[in-house]
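The values are calculated or read from the model by the stated rules, or taken from the named source; none is laboratory data. Not measured: the values here are computed from a predicted model. When we count neighbours, we look across all protein chains shown, and the Cβ atoms used for this are built from the backbone with ideal geometry, even at glycine. Surface areas here come from the heavy atoms of the whole protein model, side chains and all, with no ligands, DNA or RNA. Shrake-Rupley method; radii C 1.70, N 1.55, O 1.52, S 1.80 Å.
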Amino acid sequence: MNPVKKIYCRTFQFVMRVALPFLPYREPKLLDGVDGVAALLTKKKISRALLVTDKGIRSHHLTEPLEKALAGAGIGVSIFDETVANPTVANVEAARRMYLDDGCGAIIAFGGGSSMDCAKAAGARIARPRKPLSRMEGLLHVMRPLPLLIAVPTTAGTGSETTLAAVITDGETHHKYPINDFALIPSYALLDPEVTVGLPPMLTATTGMDAMTHAVEAYIGGSTTRGTREAAVTAVRLILESLPVAWENGGDLTARAKMLRAAYLAGTAFTKSYVGYVHAVAHSLGGQYGIAHGLANAVLLPEVLEAYGPAAHKRLGRLAVETGVASVSDTPAEASAKFIARIREMNAHMEIPRTLEGIREEDLPKLARNADHEANPLYPVPILLDAQELQALYRLVMPKTEENTNDRTTDRAGAGEPAQVLFHGKDAAQSLSSKGA
């Protein structure tokens, strides 16, 4: 990254860090069961709500207890179950039309991150009817209260029930972009482990590693607070303890409840402290190829952490010690290596692949531009990379071929030895791990 852009990014991040205590962050109030949702809507004198979910959740009858509770309280429900894995502008507009046509007074987001994102964006469009989603991309472009928004997560991973973000895909250009605004934070959330029991093992694994990514990226970034660090550490501990259990035994309600708590805490951490290049790269892959966000994060996380090299050792090493992965006698490099190794072990144990299929070399410039646009200057990452340099991160998770073998590290096993990721062009002789912040 050129020096002028680097100065701009770090200045922007410094200003955001200084402003943190004065910004209107909030956490959703937690509701007690589906009856709590019905009681809330009754108290608010709301006679009909829009339930935003997807067909998979509906086919497993997961929304039925909530629907019955609302019906028993005399509250009507309009059900939008057309949400797709990477919600599109068309998705959002269809949900918005149903809300308005049926005279709804609240939105209930029931599902994973996709349903949450669709519901949030629909609420934003209801609040700002003359402003298209494309003009809401970035930070603070909604700035008006949404209809009452209640989040019911069915996956323990996205943390969307706590965050100010919605990620939407333009169906025509395949550009996947975030909308970040305090108005998008749900007012209420229901954390019910019962609705996560039917989650398949692979989704349990990848959504759980999504929460891990939120916590780790929030912790190692440059805009943390004591509160976000504590939340991230607790989330990582819970995930290390409970995710393998939930993956092996999906009916373990204790593990499921702990994972919901972990996802919630990780969400509160990254809402204030942001994420990093793992997310920026993952979002671009989801927009271009439809790769599931949790899967992309799970595969990318250890690779990007290793590629950060010494720039991340101090904070990542401290996280490793605080979560019991490393000991206080380890050097920061040793502790970081142990943490990365633990992530790789978890991925392997849960049968998460080490590479992502379908990434095309000719798409890398476009993908990297989109990641650059999302991450810079907002994400306070350990090292700053421009669009050209970001292409190296995609090659880390591309299946090895004769064409790209020379662009990937040849020895990934050495403890404490960061991957040497070679760039093309002007940085051909310089590795990610040798770049300064």
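Enumerate the pairs (first residue in segment 362-379 and farther than 20 Å from LEU396 by Cα; second residue anywhere and aliphatic (A, V, I, L, M) and surrounded by fewer than 22 Cβ atoms within 10 Å (Cβ to Cβ)) with beta-carbon separation below 7 Å, excluding pairs fewer than 6 apart on the same chain, so at least 6 apart or on different chains. If the second residue must be aliphatic (A, V, I, L, M) and surrounded by fewer than 22 Cβ atoms within 10 Å (Cβ to Cβ), the pairs left are LEU378/LEU139. Only a single criterion out of (1) surrounded by fewer than 24 Cβ atoms within 10 Å (Cβ to Cβ); (2) under 27 Å from ASP117 (Cβ atoms); (3) free of Cβ contacts under 8 Å to residues at least 40 places away in the same chain is not satisfied by GLN288, namely (3). Cβ-Cβ distances below 8 Å connect the following pairs, each with a first residue in segment 83-103 that is within 13 Å of VAL167 (Cα to Cα), a second residue that is of a type in the set (A, V, I, L, M) and open to solvent by 30 Å² or more (accessible area, probe 1.4 Å), and a separation of six or more residues or different chains: ALA85/ALA292; ASN91/VAL84.
Residues that are under 15 Å from VAL278 (Cβ atoms) and in contact with a Pro (Cβ under 6 Å, 6 or more places away or on another chain): find the helices (runs of 4 or more DSSP H) completely inside segment 311-409 holding 1 or more of those. The qualifying helices (runs of 4 or more DSSP H) are 332-349. Per this entry, LEU51 is not counted among residues that are open to solvent by less than 70 Å² (accessible area, probe 1.4 Å), more than 19 Å from ARG261 (Cα to Cα), at pLDDT below 95 and of a type in the set (A, V, I, L, M). Could you look through segment 1-44, keep only residues that are open to solvent by less than 90 Å² (accessible area, probe 1.4 Å) and of a type in the set (Ser, Thr, Tyr), and pick out the one that is farthest from VAL77 (Cα to Cα)? Ranking the candidates gives THR11 first. For segment 98-107, the condition holds for no residue, the condition being that it is open to solvent by 40 Å² or more (accessible area, probe 1.4 Å), touching a Gly at 6+ places or on another chain (Cβ under 9 Å) and within 30 Å of ILE291 (Cβ to Cβ). Among all residues of segment 260-270, there is at least one that is β-branched (Val, Ile, Thr), assigned to a helix (DSSP H, G or I), within 15 Å of the chain's Cα centre (by Cα) and over 22 Å from ARG344 (Cβ atoms).
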